[in-house]
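As structure tokens, the structure follows; a few thoughts come after it.
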Amino acid sequence: MKKTLYAAMLLLGLSIMATSCMSTYDVSHQKSLYEAQMTSNKKTKALLEKLPIYFSESEVGRNFNVMYYCSYEPLTIPVLRPEKKVLKNKFYKKAVSTAETLNGDAVIIDTKNSFRVIKWK
């Protein structure tokens, strides 16, 4: 009984340690992954051309109104499905598809899992 309890406590401690690490995200690598995902079929390629992604307000270069603040928080399991891997593979695609659903004109990425849907003035 004690061995099982110690093993469970060890696994819990390891999973907590694995989730508390700092993550960095390379923007150019993220963009290339996003473009590769979006050029796979005609529908997503049209979406790529229709809705641009910006990483700051200064990149936009036009007047806009923020329509929605959105957050993407996928289901993560520390060892089997870590947050960084899930965000790397799906975040931009989810942001653009959300913007299309909400009738936005573009997306501004704020943090690793939050973005704004904007509409041109």
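Using 13 Å as the cut-off for backbone N distance, which residues of the range 59-79 belong to the label zone defined by a point 7 Å from the Cα of residue 110 along Cα→Cβ?
Flagged as within label range: 66-72.
Which links in 2/88; 2/84; 45/119 stretch past 31 Å when you go from one Cα to the other?
Details: 2/88 40 Å; 2/84 34 Å; 45/119 21 Å.
Checking Cα-Cα distances, 2/88; 2/84 exceed 31 Å.
Kindly provide the helix-only [θ] at 222 nm of the chain, computed as the sum of -39,500 (n - 2.57) over DSSP H runs of four or more divided by all residues, to the nearest 500 deg cm²/dmol? Numbers along the way, then the final one.
Details: 5 runs with 62 residues, N = 121.
About -16000 deg cm²/dmol.
Quick check: net charge around residue 9, other residues with Cβ under 14 Å of its Cβ, Lys/Arg +1 and Asp/Glu -1? Mind dumping the intermediate values first?
Values: positive: 2, 3; negative: none.
That sum, taken over residues with Cβ under 14 Å, equals +2.
Considering only protein heavy atoms, what per residue accessible area in square angstrom results for the chain with a 1.4 angstrom probe? Intermediate values should be presented prior to the final figure.
Details: 8430 Å² over 121 residues.
Dividing the accessible area of the chain by its residue count gives 70 Å².
Evaluate the distance, in nm, between pseudo-label points positioned 7 Å from the Cα of residue 62 and of residue 100 along their respective Cα→Cβ axes.
1.8
Relative to the longest principal Cα axis of the chain, at what angle does helix 27-38 sit, 0 to 90 degrees, rounded to 10?
Roughly 80 degrees, rounded to the nearest 10.
Using the basic label-point model (7 angstrom from Cα toward the beta carbon), what is the residue 121 to residue 73 distance in nanometres?
My value for the distance between the label points is 3.3 nm.
Evaluate the charge dipole of the chain about its Cα centre and quote only its size in Debye, nearest 20, assuming +1 on the Cβ of each Lys and Arg and -1 on the Cβ of each Asp and Glu.
Value, rounded to 20: 420 debye.
The values are calculated or read from the model by the stated rules, or taken from the named source; none is laboratory data. On a predicted model such as this, the values are computed, not experimentally measured, just so you know. A quick note on method: Cβ atoms are made from the backbone with ideal geometry, for glycine too, and the neighbour counts reach across all protein chains shown. To get the accessible areas, we keep the full protein, side chains included, count just its heavy atoms, and leave off ligands, DNA and RNA. Shrake-Rupley method; radii C 1.70, N 1.55, O 1.52, S 1.80 Å.
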